[in-house]
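> The structure follows.
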Amino acid sequence: LTQFLFLVFFLFSASRNDAVSPFSDKSALLRLKASFSNPAGVLSTWTSATATSDSGHCSFSGVLCDANSRVVAVNVTGAGGNNRTSPPCSNFSQFPLYGFGIRRTCSGSKGSLFGNVSSLSLIAELTELRVLSLPFNALEGEIPEAIWGMENLEVLDLEGNLISGCLPFRINGLKNLRVLNLAFNRIVGEIPSSIGSLERLEVLNLAGNELNGSVPGFVGRLRGVYLSFNQLSGIIPREIGENCGNLEHLDLSANSIVRAIPRSLGNCGRLRTLLLYSNLLKEGIPGELGRLKSLEVLDVSRNTLSGSVPRELGNCLELRVLVLSNLFDPRGDVDAGDLEKLGSVNDQLNYFEGAMPVEVLSLPKLRILW
């Protein structure tokens, strides 16, 4: 886990001997393959002929086993492009400021898996599984309850599928989960407090869904929070900045969040990216953000902010990108290269006053000032 997630949580020391045999893992994988359609042969190596021994399934593409031939990771990345939002692995131009540090690629993928995500209940039979990663496929339906009960799972990555339904209001497992990535699906409803009960969670990516309700205060204790391109409303909770010692990335852009940027965000000393564009935020940029010594990217464009640009931002010596005004509406179906469709200055809502502080213009690493 560097800037976002790359599925290298394989701290797999030799596993303990289990009553469950590797044969059970092999059977679960073969049944999982049978439940999916993969016309491009994504799972072509998953065959009984390949798995002639108890450890034969460990040679399946995308499968990683421990020393006892128990499956600890299933990682099958699809070709992308099946989602109505065109996930960012296949169309960067539609989301030009999405993913400072979390952009991913589908390059090298043969094709996609098709089917109902309910089949993943078979995955629960892989009791030693640490990583389940099936991004940019075409899996639809609701995540089965069995997945939320897996005790050893550390990474659940189903980004860029066609998953629907709500997030569970009660989670009985996932005690070791560190990364929950369900971005660019069709999930609806509110973000339940049950997500906050996952004590080891570090990265929460729910961007590009249809979530409503408010931003939960518990996200401040995480390392990376990506909630952009949803339908969230209400305010940015002050408590996010009251318990944010590990927070590095906070992306709440392209929602309907109102009122002021909380001054408490100035307490988040490790914060590197703060993306708040395309909301309904008012008042000014808090001078307390000048305490963010690690801040690299700040985007507050397309709000209704006013006042002067605080000179305290000149204390953010790592700041590379500062976006105060932006003609591109990321929620519209606009080609970023088509200048005629980008709108005019009158489309802008922020109305800052006064000159740009010399302290900001003198920042040593500043590369983009919009």
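The values are calculated or read from the model by the stated rules, or taken from the named source; none is laboratory data. What you see is a predicted model; the values in this text were computed from it and never measured. FYI the Cβ positions are ideal-geometry reconstructions off the backbone, even for glycines, and counts take in every protein chain you see. These accessible areas exclude ligands, DNA and RNA; they are computed on the full protein's heavy atoms, side chains included. Shrake-Rupley method; radii C 1.70, N 1.55, O 1.52, S 1.80 Å.
> Show me, for the stretch 271-288, the HN-Hα J-couplings you get by feeding each phi into the Karplus relation (A = 6.51, B = -1.76, C = 1.60, θ = phi - 60°), rounded to Hz, glycine and proline as x.
Per residue, the Karplus-derived 3J(HN,Hα) values read 5, 10, 10, 10, 10, 10, 5, 6, 10, 10, 6, 10, 6, x, 7, x, x, 4 Hz.
> Using only C-alpha atoms and all pairs of different ones, pull out the Kirkwood radius for the stretch 112-165 in Å with one decimal.
After inverting the mean inverse Cα-Cα distance, the result is 11.2 Å.
> For Phe36, enumerate residues with amide H under 5 Å from its amide H, sequence gap 5+ or separate chain, H modeled in the peptide plane.
none
> For the stretch 112-216, with all protein chains present and a 1.4 Å probe, just round the carbon and sulfur fraction of the accessible area to a whole percent.
43
> Whose amide H sits under 5 Å from the amide H of Arg259, counting only residues 5 or more places off or on another chain, with H placed in the peptide plane?
Lys282
> Related question: If I stretch the segment between Gln231 and Ser27 completely, what's the gain in nm (0.36 nm per residue apart, minus their alpha carbon distance), one decimal?
Stretched out fully, the Gln231 to Ser27 stretch lengthens by 69.3 nm.
> Then there is this: Quantify how much of the Cα-Cα distance distribution of the stretch 156-243 extends past 18 Å, in percent.
Of all Cα-Cα pairs in the stretch 156-243, 39 percent lie more than 18 Å apart.
> Arrange the residues Phe169, Phe36 by how much accessible surface each exposes, largest first, with a 1.4 angstrom probe.
Accessible-area ranking of Phe169, Phe36, largest first: Phe169, Phe36.
> Shifting gears a bit: Filter the GluC sites (Glu not before Pro) in the stretch 173-282 down to the DSSP loop ones having no more than 16 other Cβ atoms within 10 Å, then list what survives.
Taking the stretch 173-282 and a limit of 16 other Cβ atoms within 10 Å, the loop GluC sites (Glu not before Pro) found are Glu190, Glu199.
> Continuing with the same structure: Points 7 angstrom from Cα along the Cβ direction at Arg259 and Ser306: gap in nanometres?
In this crude label model, Arg259 to Ser306 measures out at 1.8 nm.
> By how many nm would the segment from Glu190 to Glu151 grow when fully extended, if each residue of separation counts as 0.36 nm and the alpha-carbon distance is taken off?
Between Glu190 and Glu151, full extension yields an extra 11.6 nm.
> Which of rounded, prolate or oblate describes the stretch 201-300 when judged by the alpha-carbon gyration tensor and an a/c cut-off of 1.5?
oblate
> For Met356, Met150, give the ranking by accessible area with the largest first, probe 1.4 Å.
Largest accessible area first, the residues go Met356, Met150.
> So between Arg270 and Glu142, what do we pick up on full extension, going 0.36 nm a residue minus the alpha carbon distance?
Between Arg270 and Glu142, full extension yields 42.6 nm more.
> Starting from the Cα coordinates of the stretch 264-331, work out the convex hull volume and express it per residue in Å³.
For the stretch 264-331, the hull spanned by Cα atoms encloses 84 Å³ per residue.
> Taking the simple approach of a point 7 Å from Cα along Cα-to-Cβ for both Ser61 and Lys175, what is their distance in nm?
Taking the simple label geometry, Ser61 and Lys175 are separated by 3.7 nm.
> Just check the stretch 258-301 against the gyration tensor rule for me: Cα atoms, a ≥ b ≥ c as the square roots of the eigenvalues, rounded for a/c under 1.5, and otherwise prolate or oblate depending on whether a/b exceeds b/c.
Since a/c reaches 1.5 but b/c is at least a/b, the shape of the stretch 258-301 is classed as oblate.
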